[in-house]
Amino acid sequence: MDWEDSFEKLRQEFEDIEKQLTDPEVISDSQRLRQLSVRHSQLQSALEVYRQYQEARNQAQEAATLLTEVEDEDEQMRQFLQSEQAEANARMEQLQHHLLEALLPTDPADQKNAIVEIRAGTGGEEAALFAADLFTMYTRLAQSRGWNVDVMHQSPSDMGGFKEIIFTAEGDGAYGVLKHESGVHRVQRVPETESQGRLHTSAATVAVLPEVQEIDIDIDPNDLNLEVFRAGGPGGQHMQKNETAVRITHLPTTISVTCSDQRSQRQNRERAMRLLRARLYEREQQLQQEQIAAQRRAQVKSGDRSEKIRTYNFPQDRLTDHRIGLTLHNLPALMNGQIDQLLEALRQHEQQQRLQELTQS
């Protein structure tokens, strides 16, 4: 691979970003400033690795040149130079993997907040309870990372589970961490409602979208149909008497979103627009990828929501991620949000796939 040409492009980008970071217009735009600062840090690290690679390459070349000049009878010097050359070559080989990682294109969406949609699948009430368990798992994970969780919409089940719950995980890099969770999650356990102790299999689907800002995608207000209605509640004194729930339909695509968790119509409308932008952004990305026949969605495999990605087996106290063949034990801890090992394994697997594609291309 032509490292010189590849890293010269990164160096030019780095210098361009350094100029932008001194621009008053950029400094006054906090979102743009944060994006450029993150990229600046990534490029700085990549260029430092390349500097170390060049240093090792020069050392190896210098040792090779001196070996051609050393006298045959000076065995001690020959051994010293051979050792220097071998050490430099080993260092170059070690650094090449990091150089490839640095050349991988970054996904700007990775730094965004995440919108997570959890829906009960097959299994009735038990599936709804499992959806609530997944919500708890992600909530605890968010707490451990200092993220904020904001529930946008929920549809409770009769026994305290969720037929559907949609929330945002707000924090730097939330989408990049959670994006591999998209898919069908299957649970095998004895439900609380099971009197004879029989094992049941249920499922819940998870979809993870990057939260999209208004500048990321343009929506014509004339393309929207807004409906307001009374939010359903547990009844009694808690029943909403005003029409605060909001449903927004994007007419060209027929994509519809509903938000009802806030007490005011304005708040629900704002949350509904956040969710609509995320879904339209996802749709746009999918269309672009289909046009260029690209299967990389920065998610493990296809991220198709119909694909079973993971099984939680309670009798055997194990979690198995079928995409990477990883099995972990201690389900109580995992369901309490301690899934960092799993998330890191998924990140590394995705990176290995992208590195393989890069070297093949």
Selection status of Arg198, without any contact (Cβ under 8 Å) to a residue 12 or more places away in the chain and surrounded by fewer than 22 Cβ atoms within 10 Å (Cβ to Cβ):
yes
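Considering the stretch 317-338 alone, what residues qualify as being part of a loop (DSSP other than H, G, I, E, B), in contact with a helix residue (DSSP H, G or I) (Cβ under 6 Å, 6 or more places away or on another chain) and either at positive phi or modelled with pLDDT of 95 or more (or both)?
Start the filter on the stretch 317-338 by keeping residues that are part of a loop (DSSP other than H, G, I, E, B), which leaves 317, 322-325, 330, 336-338.
Right, trim to in contact with a helix residue (DSSP H, G or I) (Cβ under 6 Å, 6 or more places away or on another chain) and you get 317, 324, 336-337.
Hits for the stretch 317-338 are Asp317, Asn336, Gly337.
May I ask you to say which residue of Arg11, Arg91, Arg32, Arg39 is under 30 Å from Leu275 (Cβ atoms), among the basic types (Lys, Arg), surrounded by 12 or more Cβ atoms within 10 Å (Cβ to Cβ) and without any contact (Cβ under 8 Å) to a residue 60 or more places away in the chain?
Numbers: Arg11 fails: under 30 Å from Leu275 (Cβ atoms); Arg91 fails: under 30 Å from Leu275 (Cβ atoms); Arg39 fails: without any contact (Cβ under 8 Å) to a residue 60 or more places away in the chain.
Being under 30 Å from Leu275 (Cβ atoms), among the basic types (Lys, Arg), surrounded by 12 or more Cβ atoms within 10 Å (Cβ to Cβ) and without any contact (Cβ under 8 Å) to a residue 60 or more places away in the chain holds for just one of Arg11, Arg91, Arg32, Arg39, which is Arg32.
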Where in the stretch 128-202 are there strands (runs of 3 or more DSSP E), lying wholly inside it, with at least 2 residues that are in contact with a helix residue (DSSP H, G or I) (Cβ under 8 Å, 6 or more places away or on another chain) and either within 22 Å of Asn330 (Cβ to Cβ) or among the hydroxyl-bearing types (Ser, Thr, Tyr) (or both)?
183-189
Can you confirm whether Ser6 is among the small types (Gly, Ala, Ser), within 28 Å of the chain's Cα centre (by Cα) and under 13 Å from Ala102 (Cα atoms)?
yes
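Hey, among the residues in the stretch 126-137 that are over 17 Å from the mean Cα position of the chain (by Cα) and not aromatic (Phe, Trp, Tyr), which one's surrounded by the most Cβ atoms within 10 Å (Cβ to Cβ)? Talk me through it step by step, then tell me what you get.
So in the stretch 126-137, the residues over 17 Å from the mean Cα position of the chain (by Cα) come out as 126-133, 136.
Add one more test, that the residue is not aromatic (Phe, Trp, Tyr), and what stays is 126-129, 131-133, 136.
On the way: Glu126: 25, Ala127: 25, Ala128: 26, Leu129: 23, Ala131: 29, Ala132: 20, Asp133: 18, Thr136: 13.
So, considering only residues that are over 17 Å from the mean Cα position of the chain (by Cα) and not aromatic (Phe, Trp, Tyr), the one surrounded by the most Cβ atoms within 10 Å (Cβ to Cβ) is Ala131.
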So, Leu67, is that one outside the structural domain of Lys179 (by TED's automatic domain parsing), buried (at least 16 other Cβ atoms within 10 Å of the Cβ) and either out of contact with any strand residue (DSSP E or B) (no Cβ under 6 Å at 6 or more places or on another chain) or touching a residue at least 24 places away in the same chain (Cβ under 8 Å) (or both) or not?
no
How many residues of the stretch 66-93 are charged (D, E, K, R) and farther than 14 Å from Ala56 by Cβ? The answer is 7
Please go through the stretch 18-76 and give me each residue that is closer than 29 Å to Leu99 by Cα, of a type in the set (S, T, N, Q) and not in a helix (DSSP H, G or I), ordered by number.
Thr22
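Just name the residue that is nearest to Ile166 (Cα to Cα) out of those in the stretch 111-132 that are charged (D, E, K, R) and in contact with a strand residue (DSSP E or B) (Cβ under 8 Å, 6 or more places away or on another chain).
Initial filter on the stretch 111-132 (charged (D, E, K, R)): 112, 117, 119, 125-126.
In the following step, the residues that additionally are in contact with a strand residue (DSSP E or B) (Cβ under 8 Å, 6 or more places away or on another chain) were identified as 112, 117, 119, 126.
Values: Lys112: 17, Glu117: 4, Arg119: 9, Glu126: 19 Å.
If we take residues in the stretch 111-132 being charged (D, E, K, R) and in contact with a strand residue (DSSP E or B) (Cβ under 8 Å, 6 or more places away or on another chain), then Glu117 is nearest to Ile166 (Cα to Cα).
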Pick from the stretch 138-161 the residues that are crowded, with 20+ Cβ neighbours inside 10 Å and at pLDDT 90 or above: which of them is farthest from Glu350 (Cα to Cα)?
Gly161
Condition broken by Ser45, with the remaining ones in (1) in contact (Cβ under 8 Å) with a residue 24 or more places away in the chain; (2) surrounded by 15 or more Cβ atoms within 10 Å (Cβ to Cβ) satisfied:
(2)
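The values are calculated or read from the model by the stated rules, or taken from the named source; none is laboratory data. Every value quoted in this text rests on a predicted model; they were computed, and no experiment measured them. All Cβ positions, glycine included, derive from the backbone under ideal geometry; neighbour counts span all protein chains shown.
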